[in-house]
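Colleague: I am attaching a structure below and will ask some questions about it afterwards.
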Protein chains: 2
Amino acid sequence: MCALSGGRPGTAGAHQLGGVWASRTGSAPGLAAVSYGPPGSETTCPGGAQSGSQRCAGTPQGLDMACAGCRRWWLPKIFFSAAGLCVVLFILKSVYLQAKFDSFKPEPSRPPLVLKLLPEVQLRNLFTYNGIWLFPKNQCDCDSMHLRRRYNFQDAYDPAELQAVKARRQLELEHFQRREGLPRPPPLLAQPNLPFGYPVHGVEVMPMHTILIPGLQYEGPDAPVYEVTLRASLGILNTLADIPDNVVQGRGQKQLTILTSDRKLLKFVLAHVTYTSKVYQHNKVDTVSLEYKSSVAKFPVTIRHPAIPRLHDPGPERKLRNLVTIATKTFLRPHKLMTLLQSIRKYYPDLTVIVADDSKQPLNIQDDYVEYYSMPFGKGWFAGRNLAISQVTTKYVLWVDDDFLFTNKTKIEVLVDVLEKTELDVVGGSVLGNVYQFKLLLEQSKNGDCLHQRSGGFQLLDGFPNCVVTSGVVNFFLAHTERLLRVGFDPRLQRVAHLEFFVDGLGTLLVGSCPEVIIGHQPHTPVTDSEWATLEKSYSKYRTNTNAQIQYKLALHYFKNHLQCST
Amino acid sequence: MCALSGGRPGTAGAHQLGGVWASRTGSAPGLAAVSYGPPGSETTCPGGAQSGSQRCAGTPQGLDMACAGCRRWWLPKIFFSAAGLCVVLFILKSVYLQAKFDSFKPEPSRPPLVLKLLPEVQLRNLFTYNGIWLFPKNQCDCDSMHLRRRYNFQDAYDPAELQAVKARRQLELEHFQRREGLPRPPPLLAQPNLPFGYPVHGVEVMPMHTILIPGLQYEGPDAPVYEVTLRASLGILNTLADIPDNVVQGRGQKQLTILTSDRKLLKFVLAHVTYTSKVYQHNKVDTVSLEYKSSVAKFPVTIRHPAIPRLHDPGPERKLRNLVTIATKTFLRPHKLMTLLQSIRKYYPDLTVIVADDSKQPLNIQDDYVEYYSMPFGKGWFAGRNLAISQVTTKYVLWVDDDFLFTNKTKIEVLVDVLEKTELDVVGGSVLGNVYQFKLLLEQSKNGDCLHQRSGGFQLLDGFPNCVVTSGVVNFFLAHTERLLRVGFDPRLQRVAHLEFFVDGLGTLLVGSCPEVIIGHQPHTPVTDSEWATLEKSYSKYRTNTNAQIQYKLALHYFKNHLQCST
């Protein structure tokens, strides 16, 4: 009822009613004096009519002028009812907004706020995790960590060669990034008020395949003719609609143009646009655009080949033997290995055990379910680990060290249950009840990333309140075989190493820890048998974490993992 | 000048001018008679005024009525000039549109188009690759391929157990899919005419980290107060803006509300909204919403931990020895292995060669750069392949069979160049010049996927016109060691197998073929040495692709790869 009128400037009454809104003279009771947008902005009627072309009900004078010669006896009645209703609605809305303002503690009358950001001190408080300030930052560093051991990895290099090493590392990083599609292009931003519907996220097509693009719409103003263009770069466009070529041009090309004056036809064609990938590639994103006049919407179409499944049949009885293989590596400690094997067989008589051995003398193990692999002498700790897991044929592999001891608390079934029911790739237990869990936090930076190791877990594991999600655990864990191999154990780590595996797994392995599953550890007491004693002495020599090895591992972190430092 | 008027129905003149557009009586010269939308739709003025509330310049009569008592001497002049200009503009636009229509071959006068899709016959023509109809389909099948060998994998199972096998496979598939985030949720669709700017694609945050959300804007109509709400589910929101809590509520929560009447302040806050991931997880997508009154925009924020780099230092001189390791597997053919090694050493005296051997008697190879691994007897072909690659410490690994022969055409450097410069993971050469390349096309389906193997390549390799992108090659290839291990060779494949590796690699390995790099093959002539002859006889026995093995492999494709059939 607040209708079109032939309003002209100077009709004071009309502006009075609408004008209160625009100038805030306070004629509505109780309304706070607040400054609004600049004068001349579109007015709002009570009752919500928003368009700039509409004005509140005009004066009797204006209406009379537009209506010369009409029957007018009913007009004043309608007019005054309408005006009265408008006033009532206006008052109601003011009261409502006032209440809303009150709930937010009305801002006192004051000059406009200065637009500034929070000071760095406050930002540090807001965006810190585990004492590490994460955002916003351009560089990372390890120096601001107090009372923490820190490593600066480039110190492991001879200063004379550091420059050359840095350059080589940069080249290798660039190759790696090219293959990973890094750095990502800046985010695709949608502009406001686009007259289009389109898919924002989730449109995927396999290479060489075709999909229907969902959600394409044009909802702009009517026009005598509509010319809508779609453009792609890594694929071609078409439509399933059966229409002549003068309506759709560019079928099977990178640019498809729809030209029609029939809005229903336009809608129909848009609802049936197809995208066909024409280049065989992995993990690319095509930016497809949808245009009408000067309005352009852009949306992503991801070209991706899903990884083919690699499922394992647990067999009709789901025997543990068909689900889990035990793997271990041994070196110069055959007595310890045999003790481990005996303890396994006490609880799990038929689980396959894979043994990788780089001792001088190969062993002859009499056990139908032990698979024994001989390696070059002293080839190494992680080489042996990688070898052992490369031979697993079951869905899960349980890693144990050769000096562990199975007990009645070593319940593999519990670990299997965790992996079956969660999204973890690896779940560790505890050794002799000692809980060992650590988080790894990575800060990325151009000169090399900063790695922060902190004990504990990130959060409880959904569905398993005694377990946590973390980044690293002990050498007693169950893992999805495929995921474990995807990371692998770097064969260059020959002697002491542990953390390195979990660092290599960052971003790939989701790790959990369930300390209630416990494995024992054989005592460190010296052996009585003289032959074994000699071997153990030899073993200890290899086992020492010499300075040269430490330097080697730090240098490896620098180059391989593109790290700058760690705390 | 085509202005508001107090037009009333029945004023024939007014409708004549505007009405021509609506009913197409052909009064504009040369304009084709085309049917448009239903009568009563909004009219368009020449000159482009689009709003439904405006009409073209009214009649002198109407204007007179609206202007009783005004000075009127100048009105007719202005009116006729305006009307004249309107007519001119109208004619110009008609001519323009006519020209545009002409370029598209004007549609003859006919009833509205029936909205239908192309018949299946035509769709098959449009969306076929290599003779395989790919789209649109619900199910895949292998039966429509004529003259092609096809395998139906479930035939490899005893019909009595097939039902149970199917059920187990389905359970395993569901577990796999859960871990992979499948099936993907339906695409996120943007509605038209949202008054928001927001990021459509590309916003990623590491778990536990914080990012700024780019591109947030509100560009709707002015209002006395703006209440804009942002909602997240897998993380919390905040703002870097330094403003009081009565303007922004919910800082550090999943719902952030901005309430202000200051448009500049709203813009400032929106430009500095942060998202913090609060749950440690991999590869999740949070749908964040931006709301104002009834308008809602939704956009994705991806929570993803980038895979940490695993770079290899090629050393200051980029010696091939630091870049490439050769790997092979041997069984009961020590003479062939030695011949291979001798041929390698002729061209590459210091490349490391890894030999995995599951023969009965271990060999003693006198070569400083050969690493020899002993396996349980007859453990198997793919187990040995997996073992060998698990020991590689260089960036690339070159796979060769133990009966190949290096020649002067066996240029490893060419293959290295290809992998260094392209995105391929694997590049194969040719054996004795025989080009062997095959494409693998996968059609996904609920009951198991259909796999189609076709010879040749998908396209030429960018930058290497003698090479193609394909899916499978010969057993002579250079590969990124990490990528190769990510797929691995399934140790369950003990005897004859080749294709299976490339099938397992679908979606993970990008494979190319450069046939100009040629390796020789040792002749199949029987050996004279009696000891070797005995071994070869034994070897041949193991090498036979028995029916039992074929059935085993088909069953493996059924379960492991979730395949239905192949052609």
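Colleague: With the cut-off at 1.5 for a/c, could you classify region A:371-495 from its C-alpha gyration tensor as rounded, prolate or oblate? Could the numbers behind the result be given before it?
Modeller: Values: a/c = 1.66, a/b = 1.08, b/c = 1.54.
Note, shape of region A:371-495 comes out oblate.
Colleague: Enumerate the aspartates and glutamates that B:K329 could reach by cross-link, defined here as Cα to Cα under 13 Å, with residues fewer than 8 away along the same chain left out.
Modeller: B:D357, B:D358, B:E371, B:D401, B:D402, B:D403
Colleague: Which distances in nm, rounded to one decimal and ordered from shortest, link the label point of A:P224 to the equivalent label points in the other identical copies, with labels set 7 Å from Cα toward Cβ?
Modeller: Copy-to-copy label distances at A:P224, shortest first: 4.4 nm.
Colleague: Moving on to the next point. Hey, which of these cross-link pairs are over 31 Å Cα-Cα: B:K319/B:K409; A:K284/B:K319; A:K560/B:K284; A:K116/A:K439; B:K360/B:K553? Intermediate values should be presented prior to the final figure.
Modeller: Numbers: B:K319/B:K409 19 Å; A:K284/B:K319 33 Å; A:K560/B:K284 27 Å; A:K116/A:K439 35 Å; B:K360/B:K553 25 Å.
Violating the 31 Å limit, Cα to Cα: A:K284/B:K319; A:K116/A:K439.
Colleague: Which distances, shortest first and in nm, link B:Q551 to the matching position in the other copies, using label points set 7 Å out along Cα to C-beta?
Modeller: Inter-copy label distances (nm, one decimal, shortest first): 6.2.
Colleague: Net charge within 10 Å of A:Y369 by Cβ-Cβ distance, Lys/Arg positive one each and Asp/Glu negative one each, not counting A:Y369 itself?
Modeller: Working: positive: A:R321, A:R345; negative: A:D350, A:D367, A:D368, A:E371.
For residues surrounding A:Y369, the net value is -2.
Colleague: What does the charge count around A:H175 come to, taking other residues whose C-beta lies under 14 Å from its C-beta (Lys +1, Arg +1, Asp -1, Glu -1)?
Modeller: Numbers: positive: A:R168, A:R169, A:R178, A:R179, A:K560, B:R310, B:R318, B:K395, B:K421, B:R483; negative: A:E172, A:E174, A:E180, B:D313, B:D417, B:E420, B:E423, B:D425, B:E482.
For residues surrounding A:H175, the net value is +1.
Colleague: Is there a simple number for the mean count of other chain Cβ atoms within 10 Å of the Cβ of residues in B:293-302, and what is it? Please report the intermediate quantities before stating the final value.
Modeller: Values: counts 0, 0, 1, 0, 3, 2, 6, 4, 1, 1.
Mean shielding by partner chains, rounded to a whole number: 2.
Colleague: Determine the dipole magnitude for region B:431-567: charges of +1 sit on the beta-carbon of Lys and Arg, -1 on that of Asp and Glu, nothing else is charged, the reference point is the Cα centre, and the result goes in debye to the nearest 20.
Modeller: Values: 12 positive and 11 negative charges, 86 e Å.
Once rounded to the nearest 20, the dipole reads 420 debye.
Colleague: One decimal, nm, shortest first: give the distances between the label point of B:G252 and those of the same position in the other copies, each label point 7 Å from Cα along Cα→Cβ.
Modeller: Spelled out, the distances from B:G252's label point are 6.2 nm.
Colleague: Taking the Cα centre of region B:387-467 as origin, sum charge times position over the Cβ atoms of Lys and Arg (+1) and Asp and Glu (-1), and report the length of that vector in debye to the nearest 20. Please report the intermediate quantities before stating the final value.
Modeller: Numbers: 7 positive and 11 negative charges, 33 e Å.
The dipole magnitude comes to about 160 debye.
Colleague: Oh, and also: Which value results for Rg/Rh of region A:462-562 when Rg is the Cα radius of gyration and Rh the Kirkwood radius based on the inverse mean 1/r?
Modeller: Details: Rg = 17.2 Å, Rh = 16.5 Å.
Rg/Rh: 1.04.
Colleague: Can you list the aspartates and glutamates whose alpha carbon is less than 18 Å from that of A:K254, not counting same-chain residues fewer than 8 positions off?
Modeller: In chain and number order, the partners are A:E204, A:E227, A:D245, A:D286, A:E291.
Colleague: Within 11 Å, Cβ to Cβ, of A:V496, how many net charges do the neighbouring residues add up to if Lys/Arg are +1 and Asp/Glu are -1? Let's see the in-between values first.
Modeller: Working: positive: A:R495, A:R543, A:K553; negative: A:E500.
Around A:V496, the surrounding residues sum to +2.
Each value in this text was obtained by applying a stated rule to the coordinates, not by laboratory testing. Computed from a predicted model, the values in this text were never measured in an experiment. Glycine gets a Cβ as well: all are built from the backbone with ideal geometry, and neighbour counts include every protein chain shown.
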